[in-house]
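**Student:** Okay, handing you the structure first.
The values are calculated or read from the model by the stated rules, or taken from the named source; none is laboratory data. All values reported here derive from a predicted model rather than from experimental measurement. As a convention, Cβ positions derive from the backbone with ideal geometry for all residues, glycine included, and neighbour counts pool all protein chains shown. Accessible surface areas use protein heavy atoms only, side chains included; no ligands, DNA or RNA. Shrake-Rupley method; radii C 1.70, N 1.55, O 1.52, S 1.80 Å.
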Amino acid sequence: GMQHILVDFQDVSFMDSSGLGALVLALKTARSAGAKLYLCSINDQVKMLFDLTSMDRVFEIYPDQESFMEHFNSL
């Protein structure tokens, strides 16, 4: 019954294409269940992977959990 899922990358220092594939699968699963998947706190290495694969256009990414909460509290 969750509508919003936030994945916090604060403790993730590295991600490769396998991790990105798992995230895409999670995104598809969330969407098929009527939920939205969001990401926050990605570091520069992970951001570069998202930029190079254009996944930064697919995922909604927030700088941190506080920014995510502020966004939803302002709606």
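**Student:** Would you work out the charge dipole size for the chain about its Cα centre, treating the Cβ of every Lys and Arg as +1 and the Cβ of every Asp and Glu as -1, and quote it to the nearest 20 debye?
**Tutor:** In total the dipole reaches around 440 debye.
**Student:** Right, something else. Taking the solvent-accessible surface of protein heavy atoms with a 1.4 Å probe, what is the per residue accessible area of the chain in Å²?
**Tutor:** Ligands and nucleic acids excluded, the figure is 68 Å² per residue.
**Student:** Please give the length that would be gained between R31 and E60 if that part of the chain were fully extended, namely 0.36 nm times their separation in residues minus their C-alpha to C-alpha distance (nm, one decimal).
**Tutor:** 9.1 nm
**Student:** Can you find, among A30, L52, L75, the residue sitting farthest towards the positive end of the charge dipole of the chain, where Lys and Arg contribute +1 and Asp and Glu -1 at Cβ?
**Tutor:** A30
**Student:** With labels modelled as points extended 7 Å from the Cα through the Cβ direction, what inter-label distance (nm, one decimal) is found for D16 paired with L75?
**Tutor:** 3.6 nm
**Student:** Beyond 21 Å, what percent of the Cα pairs of the chain remain?
**Tutor:** Within the chain, distances greater than 21 Å cover 24 percent of Cα pairs.
**Student:** Once fully extended, how much extra length lies between N43 and V7, figured as 0.36 nm per residue of separation less the alpha-carbon to alpha-carbon distance?
**Tutor:** On the way: separation 36, 0.36 × 36 = 12.96 nm, distance 1.32 nm.
Once the chain is fully extended between N43 and V7, it gains 11.6 nm.
**Student:** Determine the share of the chain's accessible area contributed by carbon and sulfur atoms, expressed in whole percent, with a 1.4 angstrom probe.
**Tutor:** 54 percent
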